[in-house]
1. So B:Ile270 fits all but one of (1) surrounded by 22 or more Cβ atoms within 10 Å (Cβ to Cβ); (2) hydrophobic (A, V, I, L, M, F, W, C); (3) closer than 29 Å to B:Gly62 by Cα; what number is the exception?
2. Return only the number of the condition from (1) out of contact with any Gly (no Cβ under 6 Å at 6 or more places or on another chain); (2) surrounded by 18 or more Cβ atoms within 10 Å (Cβ to Cβ) that B:Ile212 does not satisfy.
3. When you look at B:Gln253, is it of a type outside the set (Asp, Glu), touching a Gly at 6+ places or on another chain (Cβ under 8 Å) and more than 7 Å from chain A (Cβ to nearest Cβ), yes or no?
4. What residue, of B:Ala281, B:Ala205, B:Ala183, B:Ala191, is crowded, with 18+ Cβ neighbours inside 10 Å, more than 9 Å from every other protein chain (Cβ to nearest Cβ) and under 26 Å from A:Val99 (Cα atoms)?
5. Just to check your reading of the model, which residue among B:Gly337, B:Gly368, B:Gly349, B:Gly363 is of a type outside the set (D, E, K, R), outside any loop (DSSP other than H, G, I, E, B) and not assigned by TED's automatic domain parsing to the domain that holds B:Gly41?
6. Taking the conditions exactly as written (within 14 Å of chain A (Cβ to nearest Cβ) and surrounded by fewer than 17 Cβ atoms within 10 Å (Cβ to Cβ)), does B:Pro219 satisfy them or not?
7. Got a number for residues in segment A:80-95 being over 10 Å from the mean Cα position of the chain (by Cα), within 7 Å of chain B (Cβ to nearest Cβ) and not β-branched (Val, Ile, Thr)?
8. In the list B:Gly36, B:Gly53, B:Gly62, which residue meets the criterion of being in a loop (DSSP other than H, G, I, E, B) and either in contact (Cβ under 8 Å) with a residue 60 or more places away in the chain or crowded, with 19+ Cβ neighbours inside 10 Å (or both)?
Amino acid sequence: MCTATWTNVQKAHKVVMMKPVDSVAVALTDIPAGTRVRVVCGESVFEVEVLEPIDFGHKFAVRPIAAGESILKYGEVIGRATSDIRPGQHVHIHNLEGVRGRGDQLAKS
Amino acid sequence: MRNHVLILPTITCAAQAAHQITQLVSGTVSFIHQHGCAQVGVDFEQTFRTYAGMGANPNVYGVVVLGLGCETHQARSVAEEIAKSGKPVEVVSIQDHGGTLMAIAQGARIAAAMVADASRLMREPVPVSELIVGTECGGSDACSGISANPAVGWVSDAVVDAGGTSILAETTELIGAEHLLAARAADDRVAKRVYEVIQAMESRAFMMGVDIRTGNPSPGNIRGGLSSLEEKSLGAAAKAGSRPLQELVDYAQRPSKKGLVWMDTPGQDIEQLTGMVAGGAQVVLFTSGRGTPTGSPIAPVIKIATNSHMYSRMGDNMDFNAGTVIEGTETIEEVGGRLYGELLAVCSGKLTRSEILKQHDFGIWRIGPTF
């Protein structure tokens with residue numbers, strides 16, 4: 001688990017990135033849009049401008065993710081992107097879908 | 001650890017009378033439920049196992065089994081199963097004892113005598129190797145997998161290393177993390193069972209033609225930042241620590257091995273809790289990000305906040321704060337060590353919030369229709 005703290009307009013914002021291979025990091029404070037963050041996890045270093053407000057506990061992308069690509073957290077797959085996601089964008093149910101237990105997709109096919 | 005006299009209604013028709021007895025006699029506990037009649041096959045067996053396991057739990061001194069008389073789950077059969085544990089068990093039937101009021105009087109009289117006997121016993125030291133600790137997460141948020149669940153995993157390892165047993169459960173919330181646990185299975189048979197129970201649980205969503213995400217993660221999980229079942233599962237699996245997985249047991253089945261054991265339960269909090277307690281868990285470590293009042297009539301449930309905001313907001317319900325990991329003021333190891341101390345204190349008599357608030361939750365995982 002790698003954490004990072006940095007300052008923006010005299011207010012500290014914290015994030016955690018669980019594994020170096022991950023495509024997302026988790027905000028441990030509310031982070032306003034426009035905040036520039038530096039996320040360091042092992043050898044992975046990302047300079048990200050947070051593009052939209054990220055609430056405490058929510059995720060943002062640290063690298064570009066293409067539609068259909070697997071999204072990684074804890075070094076494991078947590079779902080796939082339903083649209084292209086830019087670094088700094090909020091990653092949640094609007095652009096990430098689970099792939100397990102999807103009886104709805106089986107019912108459609 | 002605890003020494004309750006349990007008034008056990010084997011049928012929903014007797015649950016109100018059982019509750020009335022607990023109002024009359026201090027030292028007794030009971031639970032309201034909707035089960036016990038017109039059940040068949042594996043569903044009948046699972047409910048039977050749950051009743052018998054609740055009665056046989058080491059936190060119960062003696063049991064008054066209260067039935068109606070005509071139901072499928074006969075009070076006498078449940079009592080015979082509990083009696084194998086060697087504790088005092090008596091049967092009261094509403095039909096045989098002349099109706100509700102007479103059954104309450106008879107049950108209260110028996111219970112009062114049991115409470116008097118139980119009160120004479122003194123506490124004795126018991127090693128951690130005798131402990132069966134249930135682990136659970138409910139109302140998860142994005143902090144669960146970062147703070148409280150890894151801290152519970154640390155305690156799980158400590159209990160296992162001391163020769164005790166730690167139960168991992170909620171099969172639903174291990175979908176997406178099963179490969180990590182199968183890799184830790186003690187042998188191939190256990191690894192194969194891991195994939196079997198996961199597949200069976202996932203198939204239920206397939207059969208219903210639904211996205212499991214409509215129910216799990218729940219709306220509260222999603223507000224807390226969890227986006228998919230897989231993400232929730234990977235955080236939930238952290239409760240299992242790092243020791244080998246020794247066994248995979250059915251719902252409400254008592255583990256035959258010590259160490260880390262997986263019980264096949266749904267993710268629904270109360271059904272999971274009931275299964276683990278019926279399987280012999282004397283104490284439960286329960287993490288929550290959103291906050292929860294959950295408790296058991298017979299087992300202390302230590303509720304652990306994943307974040308400090310919720311811990312201060314839900315102080316009535318939460319016993320322990322692991323949110324210090326999020327603030328960076330404590331490490332997982334430090335919180336784990338503190339939690340292990342709290343676990344031993346509760347085992348030695350310290351009351352949990354859910355015990356103080358009489359939060360006596362009970363619910364059986366039904367796996368068949370009622371007829």
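1. Unmet for B:Ile270, out of (1) surrounded by 22 or more Cβ atoms within 10 Å (Cβ to Cβ); (2) hydrophobic (A, V, I, L, M, F, W, C); (3) closer than 29 Å to B:Gly62 by Cα: (1).
2. All conditions are met except number (1).
3. yes
4. It is B:Ala191.
5. Exactly one residue qualifies, and that residue is B:Gly337.
6. So B:Pro219 fits the description; yes.
7. 0
8. Answer to the selection: B:Gly36.
The values are calculated or read from the model by the stated rules, or taken from the named source; none is laboratory data. Here the structure is a predicted model, which means the values were calculated and not measured. When we count neighbours, we look across all protein chains shown, and the Cβ atoms used for this are built from the backbone with ideal geometry, even at glycine.
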